[in-house]
Amino acid sequence: MNNEQTDSESILPESFDRRQFLAEYWQKKPLLIRAGALSFLDPVTPEELAGLACEPGVESRLIQVNESQTKWSMRQGPFDDEDFLSLPQSNYSLLVQAVDQWVDGVSAMLGDFDFIPGWRVDDIMVSYATDQGNVGPHFDYYDVFLIQGMGQKRWQLGQRCDALTPIDQSSGLRLLKDFKAVDEYTVSPGDILYIPPGLAHYGVAVGPSITYSVGFRAPSWSEILSGVVDQALDDLNEDQRYTDPQPSLPRHYGEIPVEVISDLQQKLTTLLTQPERILQWFGQTMTAPRYPLEPDGDDDSAAITIDALRHQLEQGMEIYKVPGARFAYYAGKDAGNARSIEFFADGVSYSCNENCLLLLQTLSAPGYLMPLPESIKNHAFSDDSTLQLLADLYNQGSLTLD
């Protein structure tokens, strides 16, 4: 989808101090960042957002609230024209997830948040609300930057919440039963409100309004533990079983000796704390795309070889990252002090050598609208491992050629 916003435009004012923000606000307390002299151009229109909400592969919701702001209802997409034509003039919101994966200009917004690692980013949800439209008072378990687009919104910030906070889920939403407003702000185009995890918030549109919500991934410890356990289970088979650590005559027939538990603890610790397993789960999970990737072409015959890719590049084709593609890498050291690098691209892991490091750093940097630099192409011509990785990423849908 074409739009006028580019990677070079900033949505954060020059006065914004990134180091101060990380030290004083990130995951600690909210911050309102006024746009000041910056102008903000919406990279998506309400009509385009509604069009996305009609696509079967896009996650969307319509949320309506009554005039007294006491009862909410929710419908899941995909929607059709009749759904929108039947809506009232006010008191509803349309929410579309991961718009950064579909709209270049929305993806470009992530460039301003490069002070947070890219693998922490989840997606940019875009919401359009008519006058008085809102999703009710709630809290999130993750950090979020709320960027105001067209119109205005009145935000109330409330109490700290946790798993014991009373929640009403009768509408399908997780709404707070008892919201206590502490601060209130009215935001205008270009203003950004940062809200840390667990802080109650409630935003009501003042006239037609668009909000861009940059959310960050924060898996729970139960998800982390179960994920690492699954990684360990994949490496085990039926032949690996319990054995007695030190067979000896029991002091009592029914007693479980301390040594048995200590041995089990040591073996479980070894299974679950191997860095390679933790890395594989974490890298794949934190880069997994919200929606399946769609490689260029219609079938497996479209898979590109390194010879074909080299020819395409020699003919002047440019390589682009697909909007919403997610990349991260981990550079360790082996016994010979040479780097062994694990690269993660949209939930898939690749073992790379040091020759690919420049490519990995370039792919992991923010920005989607500009082609990969000539230096990357030139390096690929002289290094087959780099060229092979580019071909693999193209074939899985993380890169495109134009």
Overall Cα dimensions of region 339-402 - principal axes, largest extent first, Å: 30, 27, 21
Total Lys pairs in the chain closer than 29 Å by alpha-carbon, pairs eight or more apart in sequence or interchain only? 15
Take D244, D83 and sort them by solvent-accessible surface of the protein heavy atoms, 1.4 Å probe, largest at the top. D244, D83
Report, to the nearest whole %, how much of the accessible area of region 31-176 belongs to carbon and sulfur atoms, 1.4 Å probe, protein only. 51 percent
If you average the alpha carbon positions of region 150-169 and of region 108-132, how far apart do those two centres end up, in angstrom? 18 Å
Over the Cα atoms of region 30-169, what is the Rg over Rh ratio if Rh follows Kirkwood? 0.95
Counting all Cα-Cα pairs in region 166-277, those more than 19 Å apart amount in percent to 71 percent
Inter-part distance where region 336-402 and region 195-255 are each reduced to a Cα centre, Å: 30 Å
Add +1 for every Lys or Arg and -1 for every Asp or Glu among the other residues with Cβ under 10 Å from the Cβ of L271, and state the total. +1
Please compute, over every Cα-Cα pair in region 98-256, the percentage with a separation greater than 25 angstrom. 48 percent
Sort region 237-396 into rounded, prolate or oblate with this rule: let a ≥ b ≥ c be the square roots of the eigenvalues of the Cα gyration tensor; rounded if a/c is under 1.5, and if a/c is not under 1.5, prolate when a/b is larger than b/c, oblate otherwise. prolate
Charged-residue dipole, Cβ positions (Lys, Arg, Asp, Glu), region 1-113 about Cα centre, Debye nearest 20: 820 debye
Calculating Kirkwood radius over Cα pairs in Å from this structure picks out, from (i) 22.4; (ii) 24.1; (iii) 25.7, entry (ii)
Kirkwood hydrodynamic radius (Cα pairs, Å) of region 1-107? 16.8 Å
Which residue, I256, T269, S220, has the largest displacement toward the positive end of the dipole of region 215-278 when charges sit on each Cβ (Lys, Arg +1; Asp, Glu -1)? S220
Residue-level accessible surface for I116, protein heavy atoms, 1.4 Å, Å²: 10 Å²
Cα-only Rg/Rh for region 150-213 with Kirkwood Rh rounds to 0.99
Could you order H138, H311 so the one with the most accessible surface comes first? Probe is 1.4 Å. H311, H138
Within the chain, which cysteines find no other Cys whose Cβ is under 4.7 angstrom from their own? C54, C161
Whenever you get a sec, line up W155, W221, W119 from highest to lowest accessible area (probe 1.4 Å, protein heavy atoms). W221, W119, W155
Treating only Lys and Arg (+1) and Asp and Glu (-1) as charged, each at its beta carbon, one finds that the chain has a dipole about its Cα centre, in Debye to the nearest 20, of 1740 debye
Size of charge dipole - region 154-305 - debye, nearest 20, with Cβ of Lys, Arg +1 and Asp, Glu -1, no other charges: 920 debye
In square angstrom, rounded to the nearest 10, how much accessible surface does W26 have for a 1.4 Å probe? 40 Å²
Dipole of the chain, positive direction: furthest Cα of L399, L157, I195, with charges on the beta-carbon: L157
Among rounded, prolate and oblate, which fits region 35-77 when a ≥ b ≥ c are the square roots of the eigenvalues of its C-alpha gyration tensor, a/c under 1.5 means rounded, and a/b larger than b/c means prolate? oblate
Modelling each spin label as a point 7 Å along the Cα-to-Cβ direction, I'd like the V229/K28 distance in nm, to one decimal. 3.5 nm
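The values are calculated or read from the model by the stated rules, or taken from the named source; none is laboratory data. Quantities reported herein were computed from a predicted structural model and do not represent experimental measurements. When we count neighbours, we look across all protein chains shown, and the Cβ atoms used for this are built from the backbone with ideal geometry, even at glycine. Note: accessible area is taken over every heavy atom of the protein model, side chains too, but ligands, DNA and RNA are not part of it. Shrake-Rupley method; radii C 1.70, N 1.55, O 1.52, S 1.80 Å.
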